[in-house]
1. Give the residue that is most open to solvent (accessible area, probe 1.4 Å), with candidates limited to residues of segment A:158-167 that are touching a residue at least 24 places away in the same chain (Cβ under 8 Å) and at the interface with chain B (Cβ under 7 Å from one of its Cβ atoms).
2. Return the total of residues in segment A:317-335 being among the small types (G, A, S) and surrounded by fewer than 14 Cβ atoms within 10 Å (Cβ to Cβ).
3. From the list A:I384, A:I412, which residue is without any contact (Cβ under 8 Å) to a residue 40 or more places away in the chain and surrounded by fewer than 24 Cβ atoms within 10 Å (Cβ to Cβ)?
4. What number of residues in segment A:483-502 are among the acidic types (D, E) and surrounded by fewer than 14 Cβ atoms within 10 Å (Cβ to Cβ)?
5. Which one of A:L435, A:L426, A:L455 is part of a helix (DSSP H, G or I), modelled with pLDDT under 90 and not basic (K, R)?
6. Taking A:I21, is it of a type outside the set (S, T, N, Q) and within 29 Å of A:R263 (Cα to Cα)?
7. What pairs come out if I take residues in segment A:140-157 that are facing chain B (nearest Cβ under 9 Å) and assigned to a helix (DSSP H, G or I) and pair them with residues that are surrounded by 24 or more Cβ atoms within 10 Å (Cβ to Cβ) and of a type in the set (S, T, Y) whose C-beta lies under 7 Å away, six or more apart or interchain?
8. Name the single residue that is surrounded by the fewest Cβ atoms within 10 Å (Cβ to Cβ) among those in segment A:171-189 being facing chain B (nearest Cβ under 8 Å) and within 21 Å of the chain's Cα centre (by Cα).
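The values are calculated or read from the model by the stated rules, or taken from the named source; none is laboratory data. Predicted model only: the values in this text are computed from it and were never measured. Glycine also receives a Cβ, built like all others from the backbone with ideal geometry; neighbour counts cover every protein chain displayed. Calculation scope for accessible area: heavy atoms of the full protein, side chains included, ligands and nucleic acids excluded. Shrake-Rupley method; radii C 1.70, N 1.55, O 1.52, S 1.80 Å.
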Amino acid sequence: MDALIPLFIVIPLISAFLIMILGKLVKGFHRYFAPFTLLVLIAMTIIVFANLGGSSIQYAVGGWGLEKGIPVGIFMVLDAFSVLMLCIINLLGFIALFYSISYMAKYTAESNYYSLFCLIIAGMNGVVLSGDLFNLCVFLEVSVIASYALVAFGVGKTELEASYKYQILGSLGFMLILLAVGLIYWKTKTLNIADVRQVFEAGYNQPYYIFVQILLIAGFGLKAAVIPFHAWLPDAHSSAPSPISAMLSGVLIKAVGIYVIIRLFFNMFVFSHEIALVLTALGAISMVVGSLLAIVQWDLKRMLAYSSISQIGYVLMAMGMGILLLLKGNNEAAAILAIGGGIYHMINHAVFKGLLFLNAGAIEHRLDTRKLKEMGGLSSAMPITSTTSFMGSMSISGIPPFNGFFSKLIIIIAAINGRFYLLATLAVVVSIITLAYFLKFQRFAFFNKSANKALSKIREVPFPMSFSMIILATLCLALSLLAIPSVSELILRPAIDVLMQSDLYSTTIIGI
Amino acid sequence: MTVYLLCFALFLVGLYGLITRRNLIKIIISKSITEFSIFLILVLIGYIDKGLAPIVDPGTSQQIYVDPLPQAMVLTAIVIGLATTAMLMAIAIRLYRKYKTFDIREIKNLRG
């Protein structure tokens, strides 16, 4: 079992370099090899998921394990929370790659695209599996540098400008993270997340670690685009090719941003009231401001990008509320609801935001425009795109029976139970604003009178594109099953437990 | 103590350039300066007074060695920094070909 863990990183890396070498020689090699790689990864994820059952497994790289209770080597850890992230990454990666088969056909240098795509997957799998702070930073940069290149893949004016902005802010974030990692090493003399936790629990210098925590929030906040650090996101996510936008918005900002924030602040740092307040406030602010910025956009992909900021705010706010409730200690049921709702919304957001970006790509593929005012009347010309995007829109704005309704409901119930009435009200209001701008999208893109005279020539998108949209739309419906208590007990509960019993992560690895 | 303050000064110099410069290439140079100040801090973290390079030789009586782990970290971080700088330079050259200028005040297609 534990021998499978490094393969999650090695297989996409090997396939990236194979595609780079063989893609130029064998015609069409990259188109079939890259989705095949992701299929293998999905199969491995399913095997791991079925055998894990709430426990956690470790892999010591190079056989350098524990030496007198001190971890000397690099550890890779797979537990119930990271396996959920692996599911999202590999599933959405496969769907986006399958979609690219026909979408990317109009670009040159296709083999580079598939190779960089595999590098992103390798980096994200590495971030999720890594149990070592510096190793995490390196994998983070692997995936993020690949995404810099992919954002600029179209080499037009806007793509290059967006990529430049993204790179400057991204490398600033990396510097802050590196400084924080260095400062943690200075005091604790270790980089292993579990070992750092042991040192922190033994009593620590409060102001020093609050400084480190703020540095980490700023650094990973830049990667996750929570509101004061969001300037690059709407540019980068709207300029990239659509499958990449789906990947960036659906998975990348979660795997390298939110996932790491949650992992570090639950399992590495000891909870503190101030930091929990900061996380909740950042979440609430990005939720509100993101949705207000989204409603005024007339560029479809830009609107979706701003809506990503707003939905990420929900997740961060739920997690902050979870820490606050755990610190109060008298309302554990509400804390479980808040954390569970956060994880559930994170999974859901990956699915519906991926779907909506693929829809935007389908419209762009046929109409060659992203402006809402130039669309219209597409519902009869593109029935599959219209239906799936309707399902995605209803799902993100929280209409039952789609998955977005249940996760938002759980977060709101948790907020009311924990007496955060202001946050509960804000969550409801933002959900209504979300509904408003997605109705705007539906009306102007699909049901309005057409401004486009050549509408009769527009056909439905080819099979690979429509197929991937249908899969995601079905998932939008199917994931609402997770709201049933017995199902969520099986899938979400182990992940919630990893975060709730925050000591358990370190003690199982150190082996006390 | 002075060494740390000098590192911090270098960091501020880089940050100042990052905020005030208007030229694509100068922004990249400022980014590199900021990055190097952080590398210096990382190396200082591992430094122990009068320590030698950590190559253990049983023949000598020297007992103090500097910490090798931050050095390994800095080497990796320098490689990552090199990759980002190369990538940024490539993008800057492409931008110059499209806009015929390095001035960021004239490169502003993306707004709102």
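1. Our first condition is that a residue be touching a residue at least 24 places away in the same chain (Cβ under 8 Å); within segment A:158-167, this holds for A:158-159, A:161-163, A:165-166.
Going one step further and asking which of them are at the interface with chain B (Cβ under 7 Å from one of its Cβ atoms), we end up with A:158, A:161-163.
Working: A:T158: 47, A:E161: 16, A:A162: 0, A:S163: 0 Å².
Looking at residues that are touching a residue at least 24 places away in the same chain (Cβ under 8 Å) and at the interface with chain B (Cβ under 7 Å from one of its Cβ atoms), I get A:T158.
2. First, the residues of segment A:317-335 that are among the small types (G, A, S): A:318, A:320, A:322, A:329, A:333-335.
So of that shortlist, the ones also surrounded by fewer than 14 Cβ atoms within 10 Å (Cβ to Cβ) come out as A:329, A:333.
Here the count works out to 2.
3. Numbers: A:I384 fails: without any contact (Cβ under 8 Å) to a residue 40 or more places away in the chain.
The match here is A:I412.
4. Result for segment A:483-502: 1.
5. Details: A:L435 fails: modelled with pLDDT under 90; A:L426 fails: modelled with pLDDT under 90.
Matching residue, one of A:L435, A:L426, A:L455: A:L455.
6. Numbers: of a type outside the set (S, T, N, Q): yes; within 29 Å of A:R263 (Cα to Cα): no.
Criteria not met by A:I21.
7. Listed pairs, sorted by first residue: A:Y148/A:S163; A:Y148/A:Y166; A:A152/A:S163.
8. So, considering only residues that are facing chain B (nearest Cβ under 8 Å) and within 21 Å of the chain's Cα centre (by Cα), the one surrounded by the fewest Cβ atoms within 10 Å (Cβ to Cβ) is A:L172.
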